[in-house]
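Asker: Mind looking over this structure? Questions follow.
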Amino acid sequence: MMKIYTLILPSKKPVWLMLILLSLILESVALVYQYVLGYPPCVVCIQVRILLAVFAFFAGVGLWQRAYMPLRLVNLFALLAICGVSIERSWMLLGTERGFIFGSCGLDLGLPAWLALDEWLPFLFKVHTTCGYTPEIAFGVTMAEVLMVFFSAMAVFILLLMLLVAKPADS
C-alpha cells in the first residue's frame, strides 16, 4: 500500500506538476482580474507575474530533471528563492496598499533592454498603472494578502520538499 506522503516526494511527477499548475492558475487569475474584471496591473503586480513565470519554468525543469538528486535540490533552492522574492514583493504591495510603506512605483519594470518582457509579451507583462491598491478577492481579503499567504505557504512546502529530497527517484 502506497503511503500518501510518497506522492509529494520531489522525485515524483505529481509534486512538480502541482507546482506548475499552481503558478499557471495564479497567472490566469491575474489575467482574469486584468481583462475581465478591469483591474489594471501595477509594476509590483507585473513583477509578481514575472516571478510566477520563472517559478513555473523552474518547476518544469524540476519535472524534467527529477531523477537527478543534485538538480532536484538546485531547483528547490531556486523555487525557495523565488518564493522569498515574491513574499518581499507581496509585502511591498501590501504595505503600499495599507500605507505602512511609503513609496511609489512608476510605470517602468526596471528590466534590462535585453529582457524587454513588457515589449515581447505586453498582454501579460505590460504595466498599466502605478501602485496603490489591489482588488478585493473575497470577504475583504485583498490580492496582496492572498499573495503573501500563498507564497509563505509555498516556501514552507518547498522547505518540506527539501527535507525529502534525498529519496531515490522513480516515476
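The values are calculated or read from the model by the stated rules, or taken from the named source; none is laboratory data. Just so it is clear, the model here is predicted, and its values are computed rather than measured. As a convention, Cβ positions derive from the backbone with ideal geometry for all residues, glycine included, and neighbour counts pool all protein chains shown.
Asker: Only one residue in LEU37, LEU51, LEU73, LEU80 is out of contact with any Asp or Glu (no Cβ under 8 Å at 6 or more places or on another chain) and free of Cβ contacts under 8 Å to residues at least 60 places away in the same chain. Which one?
Answerer: Details: LEU37 fails: free of Cβ contacts under 8 Å to residues at least 60 places away in the same chain; LEU73 fails: free of Cβ contacts under 8 Å to residues at least 60 places away in the same chain; LEU80 fails: free of Cβ contacts under 8 Å to residues at least 60 places away in the same chain.
One residue alone meets the criteria, LEU51.
Asker: Still on this structure, I have one more. I'd like the full set of residues that are modelled with pLDDT under 85, surrounded by 11 or more Cβ atoms within 10 Å (Cβ to Cβ) and either within 13 Å of TYR33 (Cβ to Cβ) or hydrophobic (A, V, I, L, M, F, W, C) (or both), limited to the stretch 126-141.
Answerer: VAL127, HIS128, THR129, CYS131, TYR133, THR134, PRO135, GLU136, ILE137
Asker: So, PRO122, is that one of a type outside the set (A, V, I, L, M, F, W, C), within 24 Å of LEU21 (Cα to Cα) and out of contact with any helix residue (DSSP H, G or I) (no Cβ under 6 Å at 6 or more places or on another chain) or not?
Answerer: Numbers: of a type outside the set (A, V, I, L, M, F, W, C): yes; within 24 Å of LEU21 (Cα to Cα): yes; out of contact with any helix residue (DSSP H, G or I) (no Cβ under 6 Å at 6 or more places or on another chain): yes.
So PRO122 passes the test.
Asker: Follow-up. Assuming LEU121 fulfils every condition listed in (1) within 21 Å of VAL54 (Cβ to Cβ); (2) surrounded by 17 or more Cβ atoms within 10 Å (Cβ to Cβ) apart from one, which condition is it?
Answerer: The one condition LEU121 does not meet is (2).
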